[in-house]
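Shown next, in structure tokens, is the structure this report addresses.
The values are calculated or read from the model by the stated rules, or taken from the named source; none is laboratory data. Treat the numbers as computed from the prediction; the structure is a model and nothing was measured. As a convention, Cβ positions derive from the backbone with ideal geometry for all residues, glycine included, and neighbour counts pool all protein chains shown. For accessibility, only protein heavy atoms count, side chains too; no ligands or nucleic acids. Shrake-Rupley method; radii C 1.70, N 1.55, O 1.52, S 1.80 Å.
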Amino acid sequence: MARDQIQVLNALDVAKTQWYHFTAIIIAGMGFFTDAYDLFCISLVTKLLGRIYYFHPDSDTPGTLPPNISAAVNGVAFCGTLSGQLFFGWLGDKMGRKKVYGMTLMLMVICSVASGLSFGHTPNGVIATLCFFRFWLGFGIGGDYPLSATIMSEYANKKTRGAFIAAVFAMQGFGILAGGMVAIIISAAFKSKFDAPPYSVDRAGSTVPQADFVWRIILMFGALPAALTYYWRMKMPETARYTALVAKNTKQATADMSKVLQVEIEEDESKVEHMTGTEANNSFGLFSREFLRHHGLHLLGTTSCWFLLDIAFYSQNLFQKDIFSAINWIPKANTMSALDELYKIARAQTLIALCGTVPGYWFTVALIDVIGRFSIQLIGFVMMTAFMLGLAIPYHHWTTKGNHIGFVVMYTFTFFFANFGPNSTTFIVPAEIFPARLRSTCHGISAAAGKAGAIIGSFGFLYAAQNQDKTKTDHGYPPGIGVRNSLFVLAACNLLGVFFTFLVPESNGKSLEEMSGEHEDETDANNRTVPV
């Protein structure tokens, strides 16, 4: 027979949407805003770094980062993020969400500033210093994934919990947008003050010395929103679910939530003792048979879906280059100065974010508690598969002159359905279906699997998508399988995501304790249903 729920947790589940919900969304969301800004802004300045530090006066084309250095600059933060997700996810369950939340934010602020202050006697010295700080920046960002999702899920009511967690994640879209807008503003300001000729006219003069300040300012700006929310993060009380179910201090949880909800909550001690007891089904660890039996398939579902999704999601740089060049958003590099190139790359990325990225997130916010997580994830994977195949099968048609607008529309819809689909739900569901004592850890494991997919999508496919003809590959890269065949592989990844989605249970409208089995007796736990 199911147990009665602790009163303070029930009060949170049935609470009407209040000001504190929006405060929590803003505080957690600004962390995600910073995360997205810091992770995506580096792709805007890599061309500029190549022009500044790898300029060859005899070359007909501007300097570019060598493939291994480009992979390091772009990928080192992903490696840090993966490590941070595992470490801080585990720490959030051991020390509490609030204590660890401040650590991740300070790490992000310090390393954002330090990234912009990367110096060295040689170009490789500057890049090595930058990579060092980008790794630790990623480490802090990684911690924000499990902690933001867990804190928001544990604060929310069960009726609109999905929308609240999705709103936190949707701040990622604004972070990407802000990265592009800051780059546009900074590059335009420096361009107006320090005008320079195109590379084809004056190779050395096309990159003004002041351009070295531009990338540093863009990277350092990411510290500002994180620093502004530090005070408010420290003022937030520990979540009631951690305090009551993990720390076993229901009196403190009740006192904290009485202040937050501005209502008087009285706790029945007999109910508390019953629910926070140490029976087998309420105390098993991550590496136990009980966890494997109750949540093994759930963890397999959340990790595999996030892994497969991020392979496709982070592979978007495969054909951004083709799109931007084809529709003349970004002309040939030697026809522009360094600052002009940065401006045009940032403008193109901002337009893509505005049209394809941001709307998808907010469609999820609006509909997730209406049609449910399972449906959104399934529809997203199916539509991504369809659009990837729609790009791949007639690929030669899309790349011929006059058909580029259709290519852009297909591309935009692919990533609209990623965001109104698995990119949002893979973040939300792991924060809802695992027990409180393992919630942050399991979310961190799921997110780390996603980042492993991101590394494959970003860098594995950067090599795989190279032309099969050795003479047509990008400088420094070996021949690959080509963009068309890469799109077929990505479509297959999305199709696999459809099947793994069936391992993930629907959590819409249910309390966290219902989903995790924390308010069940052992006999009920043994008779729980399998995933959808």
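Given the criteria modelled with pLDDT of 80 or more, of a type in the set (Gly, Ala, Ser) and within 29 Å of Ala418 (Cβ to Cβ), does Ser516 qualify? Steps first, answer last, please.
Values: modelled with pLDDT of 80 or more: no; of a type in the set (Gly, Ala, Ser): yes; within 29 Å of Ala418 (Cβ to Cβ): yes.
No.
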Consider Val263 against the criteria (1) in a loop (DSSP other than H, G, I, E, B); (2) modelled with pLDDT of 85 or more: it satisfies all of them except one. Which criterion is unmet?
(2)
Extreme residue, nearest to Ser440 (Cα to Cα), among residues of segment 217-257 that are among the aliphatic types (A, V, I, L, M) and surrounded by fewer than 20 Cβ atoms within 10 Å (Cβ to Cβ)
Ala247
Of the residues Thr385, Thr364, which single one is within 17 Å of the chain's Cα centre (by Cα) and in a helix (DSSP H, G or I)?
Thr364
For segment 494-503, does any single residue satisfy the condition of being among the small types (Gly, Ala, Ser) and open to solvent by 10 Å² or more (accessible area, probe 1.4 Å)?
no
Identify all residues within segment 314-330 that are at pLDDT 80 or above and either open to solvent by less than 10 Å² (accessible area, probe 1.4 Å) or in a loop (DSSP other than H, G, I, E, B) (or both); write none if there are none.
Ser315
Answer yes if at least one residue in segment 408-430 is among the β-branched types (Val, Ile, Thr), free of Cβ contacts under 8 Å to residues at least 24 places away in the same chain and open to solvent by 30 Å² or more (accessible area, probe 1.4 Å), and no otherwise.
yes
If Leu354 satisfies every condition in (1) closer than 23 Å to Ala163 by Cβ; (2) buried (at least 16 other Cβ atoms within 10 Å of the Cβ); (3) touching a residue at least 60 places away in the same chain (Cβ under 8 Å); (4) of a type outside the set (Gly, Ala, Ser) but one, which is the exception?
(2)
Counting only residues in segment 364-395 that are more than 30 Å from Pro505 (Cβ to Cβ) and without any contact (Cβ under 8 Å) to a residue 60 or more places away in the chain, the one surrounded by the most Cβ atoms within 10 Å (Cβ to Cβ) is identified as Gly390
Among the residues of segment 45-65, is there at least one that is in contact with a Ser or Thr (Cβ under 9 Å, 6 or more places away or on another chain), among the basic types (Lys, Arg) and open to solvent by 40 Å² or more (accessible area, probe 1.4 Å)?
yes
If I ask for residues that are of a type in the set (S, T, N, Q), out of contact with any Phe, Trp or Tyr (no Cβ under 6 Å at 6 or more places or on another chain) and touching a residue at least 60 places away in the same chain (Cβ under 8 Å), which ones from segment 154-201 would you list?
Asn157, Thr160, Ser200
Note on Leu147: of the conditions (1) of a type in the set (A, V, I, L, M); (2) free of Cβ contacts under 8 Å to residues at least 40 places away in the same chain; (3) closer than 21 Å to Lys99 by Cα, unmet is (2)
The correct count of residues that are farther than 30 Å from Thr357 by Cα, of a type outside the set (A, V, I, L, M), open to solvent by 10 Å² or more (accessible area, probe 1.4 Å) and in contact with a helix residue (DSSP H, G or I) (Cβ under 8 Å, 6 or more places away or on another chain) in segment 179-216 is 5
Selected residue (only one of Pro67, Pro57 is more than 21 Å from Leu107 (Cα to Cα) and either of a type in the set (A, V, I, L, M) or within 27 Å of the chain's Cα centre (by Cα) (or both)):
Pro67
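Residues Ala447, Ala452: which one is in contact (Cβ under 8 Å) with a residue 24 or more places away in the chain and open to solvent by less than 10 Å² (accessible area, probe 1.4 Å)?
The unique qualifying residue is Ala447.
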On the basis of being charged (D, E, K, R), modelled with pLDDT of 70 or more and open to solvent by less than 20 Å² (accessible area, probe 1.4 Å), does Arg289 make the cut?
no
Any residue at all in segment 136-150 that is out of contact with any Gly (no Cβ under 9 Å at 6 or more places or on another chain), under 23 Å from Gly89 (Cβ atoms) and crowded, with 24+ Cβ neighbours inside 10 Å?
yes
